[in-house]
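Scroll down for the structure; my scribbles are underneath it.
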Amino acid sequence: MMRTMAWLAVAGFLAGCAGHEMGMEPKATAKLEPTKGNMASGTATFVQHGSKVLVEASITGLPPNSEHGFHIHEKGDCSSGDGMSTGGHFNPLGKPHAHYTMMERHAGDLPALKADASGNATLVVEVGVITVTDGPTSVVGHGLIVHAQPDDYKTQPTGNAGARIACGVIQKS
């Protein structure tokens, strides 16, 4: 009986490990829709990998060969039509706006999107500070914005990235 219980415990542990290896990590997605007068749209996924989050985005409808600020915003609300209902950058730790590689930055600071000659941009990056799991830095329920201009990573608190040309809400998936 004891031996059977031990084997069941090992089997349960291995099944849990297999599930982790097969993509059972916490995940969230956002469907980005164009704001009024714009054409940018796409999808983004956020997958928790230990203390980091893998962010993958695919955006179309951008001006050819352009660069765009890409940020997580405070509120998961795209109802305004111009993306302004998402509020400011997601910043639960009260840090300054900075490059996404800096530890002292808004949780919502992400790498720029760089469109190719056809106006398509893809992004695959692993970032710290944010999580998909519950907690103060969880991205779930927040807005995701594509901006019209590049982020200068200096101007406080926005990076001077301009208008909001696509908006989505990050939802657990």
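The numbers here are math on the coordinates, done by the rules we state, and not lab data. All values reported here derive from a predicted model rather than from experimental measurement. With ideal geometry, Cβ positions are generated from the backbone for all residues, glycine too; neighbour counts draw on all protein chains shown.
Of the residues Ile72, Ala28, Thr86, the one whose Cα sits farthest toward the positive end of the charge dipole of the chain, with +1 on the Cβ of Lys and Arg and -1 on the Cβ of Asp and Glu, is Ala28. With Cα atoms defining each centre, segment 111-147 and segment 34-106 are spaced 5 Å apart in the structure. Taking other C-beta atoms within 10 Å as the exposure proxy, Phe70, Phe46 rank Phe46, Phe70 from fewest upward. Between Lys75 and Thr155, full extension at 0.36 nm per residue minus the direct alpha carbon distance yields a gain of 26.7 nm.
Ranked by the mean number of other Cβ atoms within 10 Å of their residues, highest first, the peptides 83-95, 137-149 come out as 137-149, 83-95.
Ratio of Rg to Rh for the chain, alpha carbon only, Kirkwood? Intermediate values should be presented prior to the final figure.
Numbers: Rg = 18.5 Å, Rh = 16.8 Å.
In the chain, Rg relative to Rh is 1.10.
Charge dipole of segment 72-145 (Cα centre as origin; +1 on each Lys and Arg Cβ, -1 on each Asp and Glu Cβ, all else neutral): 100 debye, rounded to the nearest 20. The lysine pair tally for segment 26-172, using Cα distances under 23 Å and a gap of 8 or more places or different chains, is 18.
Kindly provide the Kirkwood hydrodynamic radius of segment 67-120 in Å, to one decimal, from all pairs of distinct alpha carbon atoms. Before the final figure, lay out each step's value.
Numbers: mean 1/r = 0.0815 Å⁻¹.
The Cα-based Kirkwood calculation yields 12.3 Å.
With a ≥ b ≥ c taken as the square roots of the eigenvalues of the C-alpha gyration tensor of segment 134-173, please select rounded if a/c is under 1.5 and otherwise prolate if a/b is larger than b/c or oblate if it is not? Here segment 134-173 falls in the oblate category.
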